[in-house]
Structure formats: structure tokens, C-alpha cells
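Since every read-out is calculated from the coordinates, none of them should be taken as a lab result. Bear in mind the structure is a predicted one, so any value in this text is a computation, not a measurement. Note: ideal-geometry Cβ built from the backbone for every residue, glycine included; neighbour counts use all protein chains shown.
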Amino acid sequence: MEKQDTSQDAGKQNVPQIDPRRLQSYLQEVRDSQSLPLAVLGGFAAAAVAAGIWAYVTVLTNYQIGWMAIGVGFLVGYAVRLLGKGIDQPFGIAGGAIALLGCAMGNFLTVLLMVSREKEIPLLELFGRLTPELAMDIMVSTFQPMDVLFYGLAIYVGYKYAFRPIPDEDLAKLVQ
């Protein structure tokens, strides 16, 4: 009795196979062009911009929009991707960690802007008065449990968008 092809077996025959040698060569070429220092630099720049936008919007609206953390994560992750061109895990870790820092900076800057506006003290003067202990006290006293959720989302998005995607046309060149 002959074995008949099932739709599963037929589908497996049509799946293109990636040539391992081409793949290794391609991955080495990509790794040679990636730069973790540039990724980190871009991530920090994006985090600073995102924190400033977060603080400005929060002060302007008198309402903290936690979903802005996703924007921080996206902006940081995209900057890490764009400048770092990375495919390896350290790029994702950098994107997630810097996104978390960007969110914390956004919350911290929001407090400083609100105090500056309320007490009519120039922002630069407030920065001049800051000590590490005071900064930590501000972060601890303004922390809310809901921040964990939004910080977690920022970390996830920062990690996810930090990696260089492999274009379909490059994948097509790797097929045997």
C-alpha cells in the first residue's frame, strides 16, 4: 500500500531551506556593522528627548499619562536600532534599560518642572540645589504602584524595537 501525501507532508516539501553557510556569512556581515556604543549613545539621547516630552505634556495637561511610557520605549528602542544596527541581545537589553531610565527621568523632570512653576524658582536653579539624596527622596515619594506596569511596558517596547530587522529580500538571498 502506498503512502499518500497529506497536506502537512506536502507543505513541508515547499518550505524553503536556509543555506547555513550563507546565513553564517550574512550574520557575520551584520555583526561587523553593529555598534553597541552608538546604540547606547542614541538610546540616551532619545531617552532625554522622550523624558522632556513626557514632563512637558504632563505639566501642560496637569495629568500624568502613563501610556507615554510606551512612547519612551519606542523612541529609545528605535534610536538603539537605528544607530546600533544590532541583532544581538545586548542591544535589546540596552533598549529596555535605557527606556526604563527615560521613564524615570520623565517622572523626575515632571516633579522639577511642577515645583519650578509652583514655587517660581528657575529650573536651572532647582538643578543646582539637587543632591543625590534629594533626587532619591523625590523618586521614592512620587513613585506609584501603577508605575511598575508602565515602566514594564516601556522596558518591553524598548527591548523589542532595539533590534535591527532582517529584510525579506536579505532572507531570500539566504535560501538554498
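Does at least one position in segment 53-60 carry a residue that is under 24 Å from the mean Cα position of the chain (by Cα), closer than 25 Å to residue 114 by Cβ, small (Gly, Ala, Ser) and surrounded by 16 or more Cβ atoms within 10 Å (Cβ to Cβ)? The answer is yes, given that some residue of segment 53-60 is under 24 Å from the mean Cα position of the chain (by Cα), closer than 25 Å to residue 114 by Cβ, small (Gly, Ala, Ser) and surrounded by 16 or more Cβ atoms within 10 Å (Cβ to Cβ). Please go through segment 137-174 and pick out each residue that is over 21 Å from residue 88 (Cβ atoms), surrounded by 12 or more Cβ atoms within 10 Å (Cβ to Cβ) and among the β-branched types (Val, Ile, Thr). Scanning segment 137-174 gives 138, 142.
Residue-level check: of (1) within 20 Å of residue 144 (Cβ to Cβ); (2) assigned to a helix (DSSP H, G or I), residue 95 misses just (1).
Among the candidates 86, 92, 77, 96, the residue that is more than 12 Å from the chain's Cα centre (by Cα) and of a type in the set (Gly, Ala, Ser) is uniquely 86. Condition check: free of Cβ contacts under 8 Å to residues at least 12 places away in the same chain and surrounded by fewer than 20 Cβ atoms within 10 Å (Cβ to Cβ). Does residue 65 satisfy that? It is true that residue 65 is free of Cβ contacts under 8 Å to residues at least 12 places away in the same chain and surrounded by fewer than 20 Cβ atoms within 10 Å (Cβ to Cβ). Filtered by the rule that a residue be free of Cβ contacts under 8 Å to residues at least 60 places away in the same chain and in contact with a Gly (Cβ under 9 Å, 6 or more places away or on another chain), segment 69-85 gives 75, 79, 82, 83. Can we say residue 102 is touching a Gly at 6+ places or on another chain (Cβ under 7 Å) and touching a residue at least 12 places away in the same chain (Cβ under 8 Å)? No, not satisfied.
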